[in-house]
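One structure below.
The values are calculated or read from the model by the stated rules, or taken from the named source; none is laboratory data. These numbers come from a predicted model, not from an experiment. Glycine also receives a Cβ, built like all others from the backbone with ideal geometry; neighbour counts cover every protein chain displayed.
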Amino acid sequence: MNFNKINKTKIVGVITAVMVMASSTLVSFADSTLLTYQDAIKIALKNNRNLAKISDQLDKIDEQYTTPSGAPAYILLAQPSLSAQLTQKSQKLSNASGTVKLQFEAVADGLELQIKGSFYKINLLKDSIELKNKKLLDAQDKHRILSLKLRNGMASKFEVEQSEIALSELKEGIKAEQISLEKEIQNLKSILGVTVFNYNELEELPIEYSLVDDLHLKPEYQAAKAVSDSPSIMAQKKSIEEAELAFVLTPLSIVSAGTDTGITPISIQKSDIKLKDTELRNAKDELYFTVVNTYNSIKTLETNISQMEVQLENLNKNIDAMQVRLKAGVVSQRDLDNLLIMKEELLVGIKSLKANHTMMLMQYQKPHLLGLS
């Protein structure tokens, strides 16, 4: 029996191209203070251990395909058990190659998803810290004014104490977000597979917001796609196929050996296949509900974003009105500044929701990414 050599050209080509691009790019990385999204992906693909393991697995499978294992037809006819063994080996190698290729795609797509999420989180944390620092300056100014008013009997001690509490909360909030920022940078280093991080800034990724229904991808279709693209479900399917083939070939093995000693009884094989079938159905059902829940979560996010955009529209109208009143001398600059800070806070909130929406939409479009973040 002749085994066909696995065609690894595409996958090996991708790995080689990535390594070449990454190695040529790293020279300029060392002197750069800005890390772009595409450069980050190149670094991660080059350093990822899982991809290296997958490449090794492909090499081992390829070696088994190229190892001479054929036998003359008359030998196969005389020894049915040998024919059965070679048939099973062929199927196992074919199954393994398909599963490994899906694993490669899943790992590569997963890295892209994780890097995008980390870029969003780091830049959003920086935006939030910057906003909180502005609010802190404003709160410090208010506290100073209240303290002066207290000395002149124009403010109560309670008001001053409340302003002190507000100051303390803002400081703690900034401190907590700075810690979160450091942790996320460490997380990004782990994803990239680097120990040193020489970048002061990350590329500000544009958030291309579009409604999920505009993609015309129904949850049922995406669930089916998730099943077909899932390495774990493919592995389960192939395991069932191998068990069914072994079940069919068992009588041949018994006839050839002249005994069933050492061969798994047919009743046990039947039970094993039935159990594997049940586990596969459960896995498919779980994936189906995950896809549907993701779709519903995206729709909920879109509703929240829409509501916040209405709030922003109303706030802009109030700001325009406040600017007119400021020119008329009816209100103070502080009143306008308060609205501007509210607007900035709302913008950061909308940006955060849209970033989450983008991540979830990416997972929905590539359902095998569900479960990664």
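The residues of region 198-237 that are within 19 Å of the chain's Cα centre (by Cα) and acidic (Asp, Glu), listed by number, are Glu203, Glu204, Glu208, Asp229. Selection of region 332-373 for residues being part of a helix (DSSP H, G or I) and small (Gly, Ala, Ser) yields Gly349, Ser352, Ala355. In the list Lys134, Lys157, Lys142, which residue meets the criterion of being among the basic types (Lys, Arg) and closer than 28 Å to Leu34 by Cα? Among Lys134, Lys157, Lys142, only Lys134 is among the basic types (Lys, Arg) and closer than 28 Å to Leu34 by Cα. The numbered conditions (1) modelled with pLDDT under 80; (2) farther than 30 Å from Tyr295 by Cβ; (3) surrounded by 13 or more Cβ atoms within 10 Å (Cβ to Cβ) are all true for Ala235 except (2). Checking Phe158 against (1) surrounded by 14 or more Cβ atoms within 10 Å (Cβ to Cβ); (2) among the aromatic types (Phe, Trp, Tyr); (3) out of contact with any strand residue (DSSP E or B) (no Cβ under 8 Å at 6 or more places or on another chain), which test does it fail? Result: Phe158 passes all but (1).
Yes or no, residue by residue, for (1) at pLDDT below 55; (2) closer than 30 Å to Pro231 by Cβ; (3) in contact with a Pro (Cβ under 9 Å, 6 or more places away or on another chain):
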{"residue": "Tyr37", "(1), (2), (3)": "no, yes, no"}
{"residue": "Ala71", "(1), (2), (3)": "yes, no, no"}
{"residue": "Leu76", "(1), (2), (3)": "yes, no, no"}
{"residue": "Gln85", "(1), (2), (3)": "yes, yes, no"}
{"residue": "Lys126", "(1), (2), (3)": "no, no, no"}
{"residue": "Glu130", "(1), (2), (3)": "no, no, no"}
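Tell me, please, whether a residue that is part of a helix (DSSP H, G or I), within 26 Å of Asn123 (Cα to Cα) and at pLDDT 95 or above can be found in region 279-294. Among the residues of region 279-294, not one is part of a helix (DSSP H, G or I), within 26 Å of Asn123 (Cα to Cα) and at pLDDT 95 or above, which makes the answer no. Applying the set (1) under 18 Å from Ser352 (Cβ atoms); (2) among the small types (Gly, Ala, Ser); (3) in contact with a Leu (Cβ under 9 Å, 6 or more places away or on another chain) to Ala176 leaves exactly one unmet item: (3). All of (1) modelled with pLDDT of 95 or more; (2) surrounded by 14 or more Cβ atoms within 10 Å (Cβ to Cβ); (3) of a type in the set (Ser, Thr, Tyr) hold for Thr303 with one exception: (2). Between Leu170, Leu188, Leu146, the distinction of being part of a helix (DSSP H, G or I), crowded, with 16+ Cβ neighbours inside 10 Å and in contact (Cβ under 8 Å) with a residue 40 or more places away in the chain belongs to Leu188 only. The set of residues from region 290-338 being in contact (Cβ under 8 Å) with a residue 40 or more places away in the chain, closer than 17 Å to Gly349 by Cβ and aliphatic (A, V, I, L, M) comprises Leu301, Ile305, Met308. Go through Lys276, Lys225 for me and flag whichever is in a helix (DSSP H, G or I), surrounded by 12 or more Cβ atoms within 10 Å (Cβ to Cβ) and at pLDDT below 85. None of the other options fit; the residue is Lys225.
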